[in-house]
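Reading through the structure tokens given below for one structure.
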Amino acid sequence: MKSTCTLIFSLLLIAGAAFGQITGTPHDLSSVTGDSNTYHSTNQDQICIFCHTPHAASATNTPLWNRNDPANTFQVYSSPTMHAFDPNGPIPNVSGTSLMCLSCHDGVTALNSLIYNGSHGVPQMTGGNVITGSANLNDASGLTNDHPVSINYATALANGSALHATGTLPNWALKAGNRIECTSCHNVHSFGATADMQPFLNASRTGSALCLTCHIK
Amino acid sequence: MKRQHIGLILIVLTLWLCSIMAANAQIVGTKHDLSLSGGGNWQGNDPTGEVCIYCHTPHAASTSQKPLWNRATTTQTFIPYTSLTFNGINHSADPIGHQPMGESKLCLSCHDGITALNALLHTYGSPIPMVGGYDQLGDVYYPGSPFSSGMGPNIGENFPGSGGTGYTVNNLANDHPVSFAFNQTLITEDANGGAPQLRLPATGNAVKLYGANHDQVECSSCHDVHSDVNGKFLVMSNSGSALCLTCHIK
């Protein structure tokens, strides 16, 4: 009986990995299954709570969002060959869902800064409470050395960028309003079963397939 | 009989599709594709087979060069092209002699012959080793080189038979000049009171000028790094020297 249970449990674990779930990935900040990560909690065993809450969630962000947007604005990427916004207008800042990612990855906002903490109280963190290193996208150069987000793909296309037509893209590539956001490339819940799908990618890096989903090069 | 016809039609259709795909071929499979399935002698031993990474990265890119540039900058000081009939160099404000700038500097971060092809700013995990350890385009002229000699991709070389001697990495004296202003001033000066010998490429022409004033000749004026459909990554066919004659009235 015990061995049967173990077998079933093992199979469930394997299935979980195969379906690419968040458990045990670097996005799992919990004290139990996330304890092999650089940043994790010592007292909060829940995984979802670091981003979501079933009650008392954000009034502005969905789905059931449990984090506050970063307070700061960001220095963003621009280039003479990028046509995603009006060259005579102001450079748009990060907005929408990408801000939600930056509420951890801005290198400033505390990982345990949640709207609702639940019965365990404020999560106690080990390994640091602010992201540093390569996962901090808002490094000394801000976002100026990172692929632009919160930009309008259709605008870029209309202005002559070498991009595939909007209708030909897979459904994960463009977000609301034909925008490119962090989630255009990244799947926050799935680390990637194989190296080419990591970190948290929507398509394989093999042959730069992810890049070539949009870019005609 | 009918089935044979359908088979034939299918074959023709397939061939036609293949030819269309070849005509639209982009960087994948060309010599600028440094992955293991790339088309050149130099290949990165990266099982993931990324293509874009040798020049671009989505994060932690260069803070000084675009677009999302992933390469170390060449540290060479280059010997520029000079000629009694070439006035372009006079327009350079460059204090250390006419050095490649702008887009051309990006190209030379491989094509100077000495900067390592795998000298990247950002990779996933460990650096990408090059197959056989051949990590410089200059490997082509090293003694015992496994690559055939001849006109290679090392633009900084002394081409055998050109009069230059010895292996070098910074010699652009035998290459068409880049990073100079090509404008009406130069055309007038070049004409020296006679008929113009130069003309600006028309708007929309495949030949483009670069820089803030859109008047700089750079490597990209003649070459399209991402597409080899015209051979030698040219921006247009050079049949009948059409590319040269875009600017040169000869």
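Bear in mind that the values in this text are calculations on the coordinates, not laboratory data. All of these numbers come straight from a predicted model, not from anything done at the bench. Cβ atoms come from the backbone with ideal geometry, glycine included; neighbour counts cover every protein chain shown.
In table form, for the structure just shown:
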{"quantity": "Folded to 0 to 90 degrees: helix A:2-18 orientation relative to chain A principal axis, Cα", "calculated": "10"}
{"quantity": "Local electrostatic count, A:E181, Cβ distance below 13 Å [Lys/Arg +1, Asp/Glu -1]", "calculated": "+1"}
{"quantity": "Sorted by Cβ neighbour density within 10 Å, fewest at the top, the residues A:Y116, B:Y54, B:Y81", "calculated": "A:Y116, B:Y81, B:Y54"}
{"quantity": "Inter-probe distance in nm under a simple model that places probes 7 Å from Cα toward Cβ, at A:Q21 and A:S119", "calculated": "2.1"}
{"quantity": "Local electrostatic count, A:L212, Cβ distance below 15 Å [Lys/Arg +1, Asp/Glu -1]", "calculated": "-1"}
{"quantity": "Förster radius 35 Å - calculated FRET efficiency between B:A212 and A:A135 (Cβ-Cβ, nearest 0.05)", "calculated": "0.50"}
{"quantity": "Choice from A:F191, A:F50, A:F74 with maximal GNM fluctuation in chain A (Cα, 10 Å cutoff)", "calculated": "A:F74"}
{"quantity": "Mean Cβ count within 10 Å, highest first, over the residues of peptides A:62-71, B:99-108", "calculated": "B:99-108, A:62-71"}
{"quantity": "Extension gain from B:H122 to B:H248, taking 0.36 nm per residue of separation minus the Cα-Cα distance", "calculated": "41.3 nm"}
{"quantity": "Over the stretch A:21-76: Kirkwood hydrodynamic radius from C-alpha pairwise inverse distances, Å", "calculated": "12.5"}
{"quantity": "Span from the the stretch A:155-172 Cα centroid across to the the stretch B:206-250 one, whole angstrom", "calculated": "26"}
{"quantity": "Residue (of A:V130, A:A176, A:T166) at the positive-pole extreme of the stretch A:65-217, dipole from beta-carbon charges", "calculated": "A:T166"}
{"quantity": "Estimated distance in nm for a label pair at A:T155 and B:T85, the labels positioned 7 Å out from Cα along Cα-to-Cβ", "calculated": "4.9"}
{"quantity": "Choice from A:S161, A:S150, A:S119 with maximal GNM fluctuation in chain A (Cα, 10 Å cutoff)", "calculated": "A:S119"}
{"quantity": "Net charge of Cβ neighbours under 9 Å - reference B:T48; Lys, Arg +1; Asp, Glu -1", "calculated": "-2"}
{"quantity": "Exposure proxy order (Cβ contacts within 10 Å, fewest to most) of B:D190, B:D33", "calculated": "B:D190, B:D33"}
